[in-house]
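Structure record follows, encoded as structure tokens.
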Amino acid sequence: MQLVRQNEEKAAGWQKSHPGVRTRAVVAVLLIAALGSACAGEPGDRGGGGRSGDGGGGGGGPVETASERPGGRAGPDAVRKADAAKKAEALKKADALEKADAKKAEAAVAKAQARRAVAAKKWKLAKTPLAAPPPPAVKPRVTTRKGFEVTGGATLPPVFTRVPTKEKVVFLTIDDGAEKDPELLHMMTELKIPYSAFLSDYVIRDDYAYFKKMQARGVSLHNHTLTHPYLPGLSYEKQKREICGQQEKIEKRYGKRPELFRPPYGNYNAATLRAAKSCGVKAVPLWSSEAFPDHMEWREWDRDLHPGDIVLTHFRGKQEWKGSMPDMIRHVMKKITDKGYAVAKLEDYV
């Protein structure tokens, strides 16, 4: 049933998220048709126009109406009026279509949120997660955060802790892959909460299949090195082996080469970014806050969420945490929802 719902949502998702696109196409067709019709009715040879009187006298002959003109052709004023009327009718129809599309989109969101509310109750969330807005038509330009620059960094992948957006959205990211809790997969799928995984091979190699299931549920898998070392302490060549080796592992196991990379502990230097760029990394997202089952840790002085914040957490369980991964999701989602934020998909913005 979940897969059926996912397929229904994916089939309708883009169009519902961009209801104006279909409307604009219809407007274009209607306007072209109106202009074409109007052009077809414009007079060409206007022979048989107004006639002067007989003989050498002045004018005063009868004035012909459009229907009395040879061929029944209308004059320029009539053509312009007809053209304007057709344009107005086309815009009226387009407006009606746009309103209908908007209502359909609202109905779809309401239906999805109703299912989400049922799932939230099942998984014991304090509140139903908020629906994220449609992804941007054009991804924002991401640049390196001030104070995070390296020498020669202008040509290297940007390092950032927040995505530039005015929308009240944050992004959930989970690191390493040590804990492989099947409940997490079910919970996140039923709640429709997007997240991104940054994986290290040394902790996922005992169960690659778990992350294949995660990927099948729409989660993007990214690079967190082979063995999770402190990268600035390594030579360029060793860093390249750690980063590019994991690129190859993920591509071989999961069919796609990651474009995002997160250095272990958030530590890096210029060699790290050069090595990452050499094997296809486009961006280096760090984080603004970190979630645990019982508390949050903050990078910013105000200890609060902001539009575009990246939230970090880890694949951990009760052996290392005061709770399970579902406990952590319940805690962080309460914080996010209480603040009026929705969780969006990082890859839709970066």
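The values are calculated or read from the model by the stated rules, or taken from the named source; none is laboratory data. Since this is a predicted model, take the numbers as computed values, not measurements. So basically every Cβ, Gly included, is an ideal-geometry build from the backbone, and we count neighbours across all protein chains shown. The accessibility values were calculated without ligands, DNA or RNA, using every heavy atom of the protein model including side chains. Shrake-Rupley method; radii C 1.70, N 1.55, O 1.52, S 1.80 Å.
Values as computed for the structure displayed
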quantity: R0 of 41 Å, Cβ-Cβ distance K81-R141: FRET efficiency to nearest 0.05; calculated: 0.30
quantity: Long pairs among K99/K168; K168/K322; K124/K322, criterion Cα-Cα beyond 22 Å; calculated: K99/K168; K168/K322
quantity: Heavy atoms of D77: accessible area, 1.4 Å probe, square angstrom to 10; calculated: 100
quantity: Label-to-label distance, nm, for residues given as D207 and Y265 (7 Å Cα→Cβ offset); calculated: 2.8
quantity: Local electrostatic count at W301 - Lys and Arg +1, Asp and Glu -1, tallied over other residues with Cβ under 15 Å; calculated: 0
quantity: 18 Å Cα-Cα reach of K335 towards aspartates and glutamates, excluding residues that sit fewer than 8 places from it in its own chain; calculated: E167, E290, D294, E297, E300, D302, D304, D309, D327
quantity: Descending Cα extents along the principal axes, region 201-350, whole Å; calculated: 45, 36, 32
quantity: Nearby lysines by direct alpha-carbon distance to K249 (threshold 20 angstrom, same-chain neighbours under 8 apart not counted); calculated: K180, K212, K213, K238, K240, K277, K282
quantity: Debye intensity ratio in log₁₀ form over the Cα atoms of region 149-265, taken at each q of 0.14, 0.18 Å⁻¹; calculated: -0.65, -1.01
quantity: Separation in nanometres of the label points that stand 7 Å from Cα toward Cβ, at A126 and K166; calculated: 3.0
quantity: Dipole of region 203-285, positive direction: furthest Cα of L273, T227, Y210, with charges on the beta-carbon; calculated: Y210
quantity: Probe 1.4 Å, accessible area per residue of region 124-270, Å²; calculated: 48
quantity: Around H224: net Lys/Arg minus Asp/Glu count, Cβ-Cβ under 12 Å; calculated: -2
